[in-house]
Amino acid sequence: MTARAVTQSINMRRGFAGRPWQFARMMITTGSMIDLNTATAEQLDSIPELQGHGFEIVRYREERGRFDALRQLDEVPGLVGKWDGAETNLSIG
């Protein structure tokens, strides 16, 4: 990511202060990817296939470390086989 892109991303996020779910929805609708290793629970919940599982994903990440592959979502309690289709909105950074 270039320095300009980072600056634009920071400035865009400031406009959504206190409303991270709106930022996450905007990111999805514009085709941007959400990084599984840095996303908040609210951002993850904004992905339809992951809705209601954001907290569990973040807790899993905090306990076990970064995700190396999207298929590791099957290891998150309660998420086995439920995340199919989410890969179009997720990236591993």
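Please go through segment 57-77 and give me each residue that is of a type in the set (Asp, Glu), out of contact with any Phe, Trp or Tyr (no Cβ under 9 Å at 6 or more places or on another chain) and farther than 18 Å from Asn89 by Cα, ordered by number.
Start the filter on segment 57-77 by keeping residues that are of a type in the set (Asp, Glu), which leaves 62-63, 68, 74-75.
Restricting the remaining residues to those that are out of contact with any Phe, Trp or Tyr (no Cβ under 9 Å at 6 or more places or on another chain) gives 62-63, 68.
Across segment 57-77, the qualifying residues are Glu62, Glu63.
Look at Ser32 and say whether it is at pLDDT below 95, under 14 Å from the mean Cα position of the chain (by Cα) and hydroxyl-bearing (Ser, Thr, Tyr).
Considered against the rule, which asks whether it is at pLDDT below 95, under 14 Å from the mean Cα position of the chain (by Cα) and hydroxyl-bearing (Ser, Thr, Tyr), Ser32 comes out as yes.
The values are calculated or read from the model by the stated rules, or taken from the named source; none is laboratory data. All values reported here derive from a predicted model rather than from experimental measurement. No Cβ is skipped: glycine too gets one built from the backbone with ideal geometry, and neighbour counts run over all protein chains shown.
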